[in-house]
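Beneath this line is the structure, given in structure tokens, with notes to follow.
Each reported figure results from applying straightforward, stated rules to the coordinates on display, with no laboratory input. Everything quoted here is computed from the prediction, not taken from an experiment. Neighbour counts are summed over all protein chains in view; Cβ atoms, including those assigned to glycine, are modelled from backbone coordinates with ideal geometry.
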Amino acid sequence: MPTKRTLSLLVLLPVSLGLAQDNGAVGSLQGLVTDPQGVPLAGAVVRYLTPSPSARPSARPGGVSASNQVPNIVTGSAAADSNGRFAVTGLPVGPLLLCASVPGAPYLDPCTWGNALATSVSAGSTASTALVLTRGVYLNIRIKDPMHLLPQVQDGPWTPRKLLVGVAYGAGAYQGAQNTSVDSGGRNYQMIVPAAKPFSIWLYSSDVALADASGTAVASPAGPSFQAVPGTDQNFTFTVTGLARSAQ
């Protein structure tokens, strides 16, 4: 499990600050990240981005709007210090959307399990905001692959996806789990899910057949249902038993 980071200074990782140079007007953002009880979340990573840039026409001198000009998107992240506080300077004037997570702790990112926090930056001033993150639980899924029918490398941008792992919930909603590691015996997946919410494990593959821990075949993409208890991680194991019928 990664250790909690304590940072005395903000770590800012901007991808692009081109929009800030469009008209020279910039502002700042500061904030606090806590849990629902107000406990600061040290090391929380706050991500920000400008929403819907195509809907924000830039203004030309004289007040004439140039609707055909699309401003650059600004994205970046900042790490909260030991008191849960973060700050970002040199941001373009206008709306921002904020997401947040805590490395090494199962807090729910509002951009995954809710809505991004909306805020706005004004020229020459510092906007203040607060993010409250609810604690979830880890869902750990082990896929045993004794015949090495799945890729023997960790999932990446160009890796063939022969197996999709995640959860289904609500009226057909889906969230994917991250492939965290691959070893000689199989693959590990992990994600953070809310507690006290009904889910079903979602496993899909047109290449391999799977069985659960009892040896019962899994009818892809359906999997076992569960409802996590607060503070208790959920662990499931499945085994690749051979090629899927469609791949034979």
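Could you please find all residues in the stretch 185-199 being polar (S, T, N, Q) and closer than 16 Å to THR112 by Cα? Selection gives GLN190 alone.
Looking across the stretch 117-148 at every residue that is crowded, with 16+ Cβ neighbours inside 10 Å and small (Gly, Ala, Ser), the one that is nearest to the chain's Cα centre (by Cα) is identified as GLY136. Considering each residue of the stretch 203-216 in turn, none proves to be closer than 25 Å to GLY104 by Cβ, surrounded by fewer than 17 Cβ atoms within 10 Å (Cβ to Cβ) and in contact (Cβ under 8 Å) with a residue 12 or more places away in the chain. If you go through the stretch 198-222 and keep only what is in contact with a Gly (Cβ under 9 Å, 6 or more places away or on another chain) and farther than 19 Å from LEU139 by Cα, you end up with VAL208, ALA209.
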